Amino acid sequence: MSNAIQLLRFITAGSVDDGKSTLIGRLLHDSKSIFEDQLSAIAKTSTRRGMEAVDLSLLTDGLQAEREQGITIDVAYRYFATPKRKFIIGDTPGHEQYTRNMVTAASTANLAVILIDARRGVLTQTRRHTFIASLVRVPHIVLAVNKMDMVGYSQATFDAICAEYRAFAAQLGLHDVTCIPLSALVGDMVVDRGDNLNWYQGSPLLEHLENIVIDYDVNTTDFRYPVQWVCRPQTQEHHDFRGYMGRIESGEIRAGDAVTVLPSGRTSRVKEIATYDGNLQQAYAPQSIAITLVDEIDISRGDMLVKAESMPNVAKEFEAMLCWLSESPLDTNRKYILKHTTRVVKCLFSRIESRMDVNTLARHSTTTLNMNDIAHVAMKVQQPLVFDSYARNRSTGSFIVIDEATNNTVAAGMII
Amino acid sequence: MGSHVFTHLDALESESIHIMREVAAECKNPALLFSGGKDSIVMLRLAEKAFRPAKFSFPLVHIDTEHNFPEVIACRDKLAKDLGERLIVRSLEDSIKRGSIVIKDPDLPRNPFQSVTLLETIAEFGFDACMGGARRDEEKARAKERIFSFRDEFGQWDPKNQRPELWDTYNTRVHNGENIRVFPISNWTEMDIWEYIGREKLHIPEIYYAHKRAVIRRGNSVIPVSHLVQPKPAEKVETLSVRFRTVGDMTCTAPVESTAHTVEEIIAETATTRITERGATRMDDQTSEASMELRKKEGYF
């Protein structure tokens, strides 16, 4: 077993008509990630429904609650592995709640596979999916031009779709875009190359997923360490141990480094980087560690350790892009709860600058937000937040909004 | 990044530690469900990594069906004792005595009734969060469940009405009487668990390794002979080399034929197996397409 297997999280965006379920089924099947009992279960269902071949799309079939009510539950997670990488697929259905579901799944993804039907080309929904991927800043995009078998494996068709798509993606600031022609149904260029797309010089989809560089998907320059939990054993053996436990959200830290505690602004130096497996000389995102400091200063959950050479913002007012997730609309007269890193504060929406039409990218003025709306808002919080722009840092630039009355998560925010 | 290589196990471990610390920090009265099985033993190691050198700020809790393999119970008790952590055990027998569980035959599988005793235990101690070792790769109902899974006063999971879960920013809030189930190893697979057991050199019950065992064949399954399962007149008892992929209720947990005596050999077998973990071993999950989904809606973890 090699020890250097990495984890890649990706999402697939597209509707059933684009062959999304078939593509996921094909990836799992051809990478030998489907087990016999799963295959025999879907083979039985395929026969019962009068199909000749096993319908791989049934692998992503849902729960009883979904079948009975003809609905699809937002996000399902699927797992598979190759000798090179482990993969987590965030699979979202492409129905009316799509914006909300895709934002949710995309929030943890390294990569988005955006599916297109080669016969239909770049559609409104393609633009919508791409906009959401750019909004949530999924680092890598794959445009999977599916159903190439239905257009005679035409290179000209593929080239035209890619050119149109790349132009659109560039407008949104997306540059890491790879276009792959494939047929999920036949199996061309998904796991195996197949015999029908010999003019295509690039990698099949799986090979691309195995090899794309994801080391720099996290911010490696700005040290950000939100304190999660203060560990004070107060035992004889560890009488003076006071460890600030947390996960490095970005950047790196070494024993002896000077750190600043925010929002207080006090400074100290790192005495030890402690872990269960012993002390470390240096640690990187996204390691979970404990830090002890040379000086005794008052630090609690919600504070953030940073380095003086790359300071984040500390403020009580900021602007953000917001995706409203709840069926109850935003009420700008109310206070909500905001959770940002390990800090929980009350918040107010002082202004809705504009609502964005995800299909046309046009901006409209509005006084409220409904489920699936994406808007540019101005916010105020009761205590200062320690943050970066989402563009610079996905961890310290994101937050969720909770309705205190229901405790539901009602919005996802990305600080501008 | 220097020479540091952050592997998939490092990523999963760090994610799980982060989740456990969020629970400890934000929930008032959490518990860690611990059965002595391999997944919960991994959970225990992750909790050590999350909170040592301090003691856990929550107890370990086991809901005992009294249908468990004695080796697993022995391992449960030893681990809790070695770590010096508090273990609370509540038994289905107590619920049966109270009358809150009524069963026709004490020897039949008891998994469906675990939810009752679990909910009674949650009420007894007022737990607002229970961490469990369930994984999304186990079953399709689990695949759609959140890491922080909100339950109402009846412990019910409503798959259609789950809280959106974005980034690693978890909503842990509940009202009095409600609770959340938290699954820190949601994103681990069976293979990850075995690789981690190997990497961390974790002690697990012997029955996970190949051993000779008296079994009978019923349908497609191999069932261990025990004081709860005796051969029927026409059934033949065989002695096979087997190991367990999961350890649950003795009456419905089937071993697989195997000669794997070490973690490395189990990893090699897991890499080539063509049957899912639950498909091979849990007869109660095969009774209907939606068994797990229905149990979860009733408060199962």
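The values are calculated or read from the model by the stated rules, or taken from the named source; none is laboratory data. From a predicted model like this one, the values you see are computed outputs, not experimental measurements. Note that we place each Cβ from the backbone using ideal geometry, even for glycine, and neighbour counts take in every protein chain shown.
Worth a mention:
- Complete set of residues in the stretch A:385-401 that are more than 11 Å from every other protein chain (Cβ to nearest Cβ) and over 14 Å from A:PRO226 (Cβ atoms): A:SER389, A:ALA391, A:ARG392
- Residue in the stretch B:236-243 that is buried (at least 19 other Cβ atoms within 10 Å of the Cβ) and in contact (Cβ under 8 Å) with a residue 40 or more places away in the chain present: no
- Residue match in the stretch B:53-64 (condition: more than 30 Å from A:THR292 (Cα to Cα) and not hydrophobic (A, V, I, L, M, F, W, C)): yes
Rundown of residues vs (1) within 11 Å of another protein chain (Cβ to nearest Cβ); (2) in contact with a His (Cβ under 7 Å, 6 or more places away or on another chain); (3) among the aliphatic types (A, V, I, L, M), yes/no style:
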residue	(1), (2), (3)
A:GLU252	yes, no, no
A:ILE273	no, no, yes
A:GLU296	no, no, no
A:GLY302	yes, no, no
A:PRO312	no, no, no
A:ALA320	no, no, yes
A:SER328	no, no, no
A:CYS347	no, no, no
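- B:LEU46 touching a residue at least 40 places away in the same chain (Cβ under 8 Å), among the hydrophobic types (A, V, I, L, M, F, W, C) and either facing another protein chain (nearest Cβ under 8 Å) or not in a helix (DSSP H, G or I) (or both): no
- Helices (runs of 4 or more DSSP H) completely within the stretch B:96-205 that count 1 or more residues being in contact (Cβ under 8 Å) with a residue 12 or more places away in the chain and within 14 Å of chain A (Cβ to nearest Cβ): B:140-143, B:190-200
- Filter pass, B:LEU60 being modelled with pLDDT of 95 or more, under 18 Å from the mean Cα position of the chain (by Cα) and of a type outside the set (S, T, N, Q): yes
- Cβ-Cβ contacts under 7 Å between residues 6 or more apart (or on different chains), taken from a first residue in the stretch A:108-131 that is closer than 23 Å to A:ARG78 by Cβ to a second residue that is in a strand (DSSP E or B) and of a type in the set (Lys, Arg), are listed as A:THR108/A:ARG9; A:ALA109/A:ARG9; A:ASN110/A:ARG9.
- Among the residues of this structure, A:ASP222 does not count as one that is in contact with a Phe, Trp or Tyr (Cβ under 9 Å, 6 or more places away or on another chain) and closer than 25 Å to A:ALA285 by Cβ.
- Among the residues here, A:LEU330 does not qualify as touching a residue at least 24 places away in the same chain (Cβ under 8 Å), in a strand (DSSP E or B) and surrounded by 15 or more Cβ atoms within 10 Å (Cβ to Cβ).
- Taken as a whole, the condition of being part of a helix (DSSP H, G or I) and either modelled with pLDDT of 95 or more or buried (at least 17 other Cβ atoms within 10 Å of the Cβ) (or both) does not apply to B:ILE88.
- For A:ASN372, the criteria (1) modelled with pLDDT of 95 or more; (2) under 15 Å from A:ILE132 (Cα atoms); (3) not in a strand (DSSP E or B) hold in every case but one, which is (1).
- Selection count, the stretch B:49-85, where residues are within 14 Å of chain A (Cβ to nearest Cβ), surrounded by fewer than 21 Cβ atoms within 10 Å (Cβ to Cβ) and not in a loop (DSSP other than H, G, I, E, B): 2
- Index of the failed condition, A:SER354 passing every other in (1) over 14 Å from A:PHE399 (Cα atoms); (2) surrounded by fewer than 14 Cβ atoms within 10 Å (Cβ to Cβ): (2)
- B:ASN220 among the polar types (S, T, N, Q) and modelled with pLDDT of 90 or more: no
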